[in-house]
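One structure below.
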Amino acid sequence: MARYRRIARGELPEETSALARALVGCVLVRDCPDGIAAGRIVESEAYVLDDPASHAFLGMRARNASMFLRPHHAYVYQIYGTSYCVNVTSEREGTGAAVLLRALEPIEGLSIMERRRKTQAVRGLCRGPGRLCQAMAIDKRLDGVDLLCDRRLWLSPRTAAVQLGTSTRIGVAKASERVLRFYEVGSPFVSGPRRLST
C-alpha cells in the first residue's frame, strides 16, 4: 500500500539491541484478502547472540531455522500450542538472533482485528505477542518471509520521534536480569506489568 512505505534495506540496524530500539515506533503492516491491518510497534524484546534465553542458543533446528536467516526476516513460532509470536531476525546470516515484537498500537483495520480477536477492547487487541499475532493473522505460513519486501507482511518506518524506555525482559527464566526490553514511554498499548513500563 502506498500509504505505508516499506523500509528499504539498509535503513534498519542489524545488531540485535540496536534493531530492537529502532523498531519501536515503526509500523507493522499485514495485507490479507479481508483488508489491511496495521499497528505501530510500541514494545520489543531483544534475543541477542550467546543468549541462554534465546531459541538459537543450542543451535539451529527445524523449528528455529528462520531465526538464522539474514536480518529483517520474520521468525514465527507457536507457544502453548495455540498462539504465535513474531520476531524480526538480526545479525549476520547463520548466527541466530532476533527481536520479539511484544505489542502494537492499532492504527488501521480495527474492525478486522476485533473480529479476529473477538473483542472490541482496542487497548487489548495487540497487547502481548500472542494477541498481536492473532489480531494481525500471523502464523507459521509467514515464517521466514522478508519483512522488507513481502507483499503480505512488512515494516514501514517511524513517522515521529519516540520516547524510549527500557527494562528487563518479561517471561524468561534465563538471563532474566538483562535489560533488553524496549517500549514507548506512556503508551497504553504496552504489555506486561505496569512497574516495567514507567
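The values are calculated or read from the model by the stated rules, or taken from the named source; none is laboratory data. Computed from a prediction, not measured in an experiment: that's the story for all the values here. Neighbour counts run over all protein chains shown; Cβ positions are idealised from the backbone, glycine included. What goes into the accessible areas is simple: the full protein's heavy atoms, side chains included, and nothing from ligands, DNA or RNA. Shrake-Rupley method; radii C 1.70, N 1.55, O 1.52, S 1.80 Å.
Computed over the alpha-carbon atoms, region 61-137 gives an Rg to Rh ratio of 1.05, Rh here being the Kirkwood radius from the mean inverse distance. Across region 136-151, computed HN-Hα scalar couplings (Karplus, 6.51 cos²θ - 1.76 cosθ + 1.60, θ = phi - 60°) run 9, 6, 9, 9, 4, 5, 9, 4, x, 6, 7, 6, 9, 9, 5, 7 Hz from first to last residue, x flagging Gly and Pro. Considering only V88, V172, V99, the Gaussian network model of the chain with Cα springs below 10 Å gives its largest mean-square fluctuation to V172.
Normalised by the residues of the chain, what does the relative contact order come to in percent, with Cα pairs under 8 Å and at least six apart? Normalised by residue count, the contact order of the chain is 27 percent. Extent of the chain along its three principal axes (Cα atoms, max minus min coordinate, largest first): 41, 37, 36 Å. When each of the peptides 77-87, 106-116 is scored by how many other beta carbons lie within 10 Å of its residues on average, the order from highest to lowest is 106-116, 77-87.
Rolling a 1.4 Å probe over the protein heavy atoms gives the chain an accessible area of 46 Å² per residue. Sequentially through region 42-58, phi angles give Karplus couplings (6.51, -1.76, 1.60; θ = phi - 60°) of 10, 7, 9, 9, 8, 10, 8, 5, 6, 9, x, 8, 7, 4, 8, 4, 9 Hz, Gly and Pro residues having no value and appearing as x. Distances between placed amide hydrogens fall under 5 Å for A97 paired with S90, all partners being 5 or more residues away or on another chain.
Against the criterion of solvent-accessible heavy-atom surface with a 1.4 angstrom probe, H73, H55 sort, most first, into H55, H73.
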